[in-house]
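Read the structure below first, then the notes.
Computed from the coordinates by the stated procedures, all read-outs in this text should not be read as laboratory data. Treat the numbers as computed from the prediction; the structure is a model and nothing was measured. So basically every Cβ, Gly included, is an ideal-geometry build from the backbone, and we count neighbours across all protein chains shown.
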Amino acid sequence: MEQPSQPKYHQKVPEPTLRRLPWYLSNVKLLKQRGERYVSSTQISKETNIDASQIAKDLSYVNISGRTRVGYEVDALIDVLEGFLGFTDIHKAFLFGVGSLGGALLQDSGLTHFGLEIVAAFDVNPDLVGKELNGIPIYHSDDFVKMMQTYDVQIGVLTVPIEIAQSITDKMIEGGIKAIWNFTPFRIRVPEYIVVQNTSLYAHLAVMFNRLNFNGYK
């Protein structure tokens, strides 16, 4: 039965649901490439290994309805998911710390396909300041507040060394940043009104290594 309830606009969407929705979007796009016009929760379940009832529940937060025994119209589902997730709007961001990871993110033009455009970066390395990477200007960290008056930015991407992660975070917030995508393994402290998304590559590595050892692989 492909009939989710009305979208819960007045409820906060659970974080696990928000994490799963992009998986559905990616797999529905693949089905579209295969020529599919409709997709059911069961089909998405086979692609993602997520229970079909959970998928229907997750999609109940999205403004779309499926047809019984037919499913969701693929094009409509893609459009609605992209809009709901914010991928159709461009959110401008500053990046702090142009090291190996920060530089890789500046080179990743694919971020714009998911609604994030890094418009400037900040560092203290004299070999980097004043230059561009992938067309993105790199400024000295001291120029951050001034650049906030030039760019319409609310998001900061944090890729600095761990020992200065908190101090840079504090400066970002003081300068007007409202959301932080934190790539450092340091759990930054922020006021309640600041949005933080922690994406520690090292933490994921630790989980992977642990599972390998647990399963007896050496």
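To the nearest ten degrees, helix 15-33 and the longest principal axis of the Cα atoms of the chain are 70 degrees apart.
A Förster distance of 41 Å, applied to the separation of the beta-carbon atoms of Ser167 and Leu111, puts the FRET efficiency at 0.95.
Which whole-number percent gives the relative contact order of the chain, counting Cα pairs below 8 Å spaced six or more residues apart? Write down the numbers at each step before the final one.
Working: 319 pairs, mean separation 31.4, N = 218.
RCO, the chain: 14 percent.
Counting Lys and Arg as +1 and Asp and Glu as -1, what is the net charge of the other residues whose Cβ lies under 10 Å from the Cβ of Thr88? Don't jump to the answer; show the numbers that get you there.
Working: positive: none; negative: Asp79, Glu82, Asp89.
Taking every other residue near Thr88 into account, the sum is -3.
Working note: Karplus 6.51/-1.76/1.60 with θ = phi - 60° gives region 62-77 the couplings 9, 7, 7, 10, x, 9, 3, 6, 10, x, 9, 5, 4, 4, 5, 5 Hz, where Gly and Pro are set to x. Taking a ≥ b ≥ c as the square roots of the eigenvalues of the Cα gyration tensor of region 91-204, is the shape rounded (a/c under 1.5), prolate (a/b larger than b/c) or oblate? Judged from the Cα gyration tensor, region 91-204 comes out rounded (a/c under 1.5). Angle, helix 201-214 long axis vs. longest principal axis of the chain, Cα atoms, 0 to 90°, nearest 10? Taking Cα atoms only, the helix is inclined about 60 degrees.
Provide the gained length on full extension for the span Lys46 to Val207, in nm with one decimal, where the gain is 0.36 nm per separating residue minus the Cα-Cα distance.
Details: separation 161, 0.36 × 161 = 57.96 nm, distance 2.51 nm.
Contour length minus Cα-Cα distance gives 55.4 nm.
When the helices of the chain are scored as -39500 (n - 2.57) per DSSP H run of n ≥ 4 and the total is divided over every residue, the value at 222 nm lands at -11500 deg cm²/dmol. Computed over the chain with a Gaussian network model linking Cα atoms closer than 10 Å, the most mobile of Asp58, Asp79, Asp127 is Asp127. Subtracting the Cα-Cα distance of Gln154 and Glu192 from their residue separation scaled by 0.36 nm leaves 12.1 nm. With θ taken as phi - 60° and the Karplus curve 6.51 cos²θ - 1.76 cosθ + 1.60 applied, the whole-hertz 3J(HN,Hα) list for region 193-198 is 7, 8, 8, 10, 10, 8 Hz, x standing for glycine and proline. Compute the signed sum of charges (Lys and Arg +1, Asp and Glu -1) over the other residues within less than 12 Å, Cβ to Cβ, of Val28. Here the charged neighbours net out to -2. Electrostatic bookkeeping for Gly176 treats Lys and Arg as +1 and Asp and Glu as -1; over the other residues with beta carbon under 13 Å from its beta carbon, the sum is +1. At an R0 of 22 angstrom, the distance between the Cβ atoms of Val145 and Val119 translates into a FRET efficiency of 0.90.
Here the residues Ser40, Ser53, ranked from fewest to most Cβ neighbours within 10 Å of their Cβ, fall in the order Ser53, Ser40.
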